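> One structure, as structure tokens, below. Some questions next.
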Amino acid sequence: MSTWTVVLLASGLAYATKLAGHLVPESWVEGPRRSRVLTLLPVALLSGLVAIQTFGGSGGSLHVDARLAAVGAAVVLLLLRANFLVVVIGAAVVAGVLRAMGWG
Amino acid sequence: MTSGAADAEGEQAAAGGHTAYAPLEHHTRRAVVRQSLSIGLATGAYGISFGALGVASGLSILQTMALSVLLFSGGSQFALVGILGAGGTGSAAVATSTLLGVRNGLYALQTSRILDVRGLRRLWAAHLTIDESTAVAVGREDRRAGRLGFFVTGVAVFVCWNLMTLLGAVVGNALGDPQRWGLDAAAAAAFTALLWPRLRSRDAAATMVLAVAIALLTSPVLPVGVPVILTVVAAVVVGLSGGGRHERRAEVDES
């Protein structure tokens with residue numbers, strides 16, 4: 001798949017999902033179990049993404065490096081109620097500084 | 001622009017004597033618009049990190065922009081470029097992006113009742129259905145205020161998000177080596193920040209632990225991108241088991 005195909009296909013599917021919500025009857029997703037699974041879906045995917053972006057290396061191997069320190073800094077900033085941009089920039093600075101010092 | 005259109009519609013309906021569509025009081029309107037614009041600016045600002053990560057992941061500036069204009073859902077966009085940047089396949093990137101976007105479809109179920117729009121405006125409303133616009137729409141008791149808030153927030157986020165994506169992409173392109181600036185770590189931090197507000201319940205915490213375990217254990221043996229898709233299992237297992245027992249017990253208690 002070319003990058004453009006990925007970009008356009010994902011965009012089309014994202015829009016179709018949004019539009020479907022405007023068109024289908026609500027009864028389709030009623031029921032406590034179904035709605036609980038759907039609520040937990042982004043939690044699961046984002047957790048997986050945090051894990052892979054923090055530890056993942058080439059070919060799926062796992063590494064501990066500056067990224068783990070950066071995510072630690074992000075968690076501290078989130079506990080301090082910093083906003084999104086501060087969290088992201090803070091984490092990047094921590095990783096950048098550690099690497100400049102020759103670690104990770 | 002869109003808020004003006006909502007106005008005209010409100011006035012038309014009011015002329016027809018339908019009280020539900022009477023124009024909003026001036027101070028309510030101002031409060032809604034102010035809230036919506038501040039959310040738009042705050043959310044749009046982190047488009048700059050998406051723009052920078054997009055080009056750091058190997059996308060062109062135009063491709064990064066296309067995602068912000070056409071896909072327009074932060075979590076899915078970060079996921080897509082994150083997986084492509086890590087060397088995942090296109091299909092894994094599309095699948096993860098789409099699964100993360102399922103929540104927008106659920107928001108749309110709620111907002112479509114508040115908005116009650118038809119035709120072309122419905123197509124545009126669908127595109128604007130994201131975390132922030134939904135939060136403002138459902139957070140207002142008055143339906144007209146919710147509708148105004150939805151469109152003003154949606155348009156404000158859309159405009160700011162896209163301008164900041166462009167800025168981030170241009171700057172990111174000029175920075176060069178993403179690792180040197182910690183941009184790969186910024187992606188992990190971005191996902192952490194997106195996850196953070198969703199971790200309020202015990203079920204959510206259990207899902208997170210299980211999902212992290214699934215992703216890390218399968219990462220060495222599966223193609224890049226697939227472990228993240230597999231974490232769906234965590235949502236299904238926790239969603240179908242844990243909370244269910246609590247709820248059944250609660251029902252028994254009530255009866």
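No lab work stands behind these numbers, since they all come straight from the coordinates. No experiment lies behind these values; they were computed from the predicted model shown. No Cβ is skipped: glycine too gets one built from the backbone with ideal geometry, and neighbour counts run over all protein chains shown.
> Taking just the alpha carbons, could you work out the radius of gyration and Dmax for region A:40-83, both in angstroms?
My reading of the Cα-based Rg and Dmax gives 12.0, 35 Å.
> Bin width 5 Å, alpha-carbon pairs only: give the P(r) of region B:90-242 as whole percents, running from 0 to the bin holding the largest distance.
P(r) for region B:90-242, in whole percents per bin: 1, 8, 12, 15, 17, 16, 15, 11, 5, 2, 0.
> Tally Lys/Arg at +1 and Asp/Glu at -1 over every other residue whose Cβ is under 10 Å from the Cβ of B:Ser73; what's the total?
+1
> For n ≥ 4 DSSP H runs only, could you compute -39500 (n - 2.57) per run for chain B, divide by its residues and tell me the 222 nm figure to the nearest 500?
Mean residue ellipticity, 222 nm, calculated: -24500 deg cm²/dmol.
> Once you have all Cα-Cα distances for chain A, histogram them in 10 Å bins from zero and send the whole-percent values.
Pair shares across the bins are 12, 25, 29, 25, 7, 1.
> Return the average number of partner chain Cβ atoms within 10 angstrom of each residue Cβ along peptide B:172-183.
What the average comes to for B:172-183 is 3.
> Count charges around B:Leu210 for me, please; just the other residues with Cβ under 13 Å from its Cβ, Lys/Arg as +1, Asp/Glu as -1.
Spelling it out: positives minus negatives among the neighbours equals 0.
> Separate question: Dividing the alpha-carbon radius of gyration of the protein assembly as shown by 2.2 N^0.38 Å (N being the number of residues), what value is obtained?
Normalised Cα radius of gyration, the protein assembly as shown: 1.02.
> How big, in percent, is the set of alpha carbon pairs in region B:59-177 lying more than 17 Å apart?
The calculated P(r) of region B:59-177 puts 60 percent of pairs beyond 17 Å.
> Just checking the output field for A:20-29: average partner chain Cβ neighbours within 10 Å of each residue's Cβ?
Mean partner-chain Cβ count within 10 Å for A:20-29: 6.
> Still on this structure: Shielding of B:79-87 by partners, i.e. mean partner chain Cβ atoms within 10 Å per residue?
4
> Tell me the relative contact order for chain A as a rounded percent, counting alpha carbon contacts under 8 Å between residues six or more apart.
Value for chain A: 18 percent.
> With axes computed from alpha carbons, what is the tilt in degrees of helix A:66-79 against the longest principal axis of chain A, rounded to the nearest 10 within 0 to 90?
60
> Please give the helix A:84-100 orientation as an angle from the longest Cα principal axis of chain A, in degrees from 0 to 90, rounded to the nearest 10.
The two axes meet at around 40 degrees.
> Then there's this: Expressed as an acute angle from 0 to 90° and rounded to the nearest 10, what is the orientation of the C-alpha long axis of helix A:3-23 relative to the principal long axis of chain A?
Helix A:3-23 sits roughly 50 degrees off the main axis of chain A.
> Please sort through the DSSP H helices of chain B and keep those with an alpha-carbon extent of at least 27 Å along the long axis and a Kyte-Doolittle average not below -1.0.
Span-like helices, by this rule, are B:26-45, B:90-115, B:143-175.
> Another one. When the Kirkwood hydrodynamic radius is evaluated over all pairs of different C-alpha atoms of chain B, what value in angstrom, to one decimal, is obtained?
Hydrodynamic radius (Kirkwood, Cα only) of chain B equals 20.2 Å.
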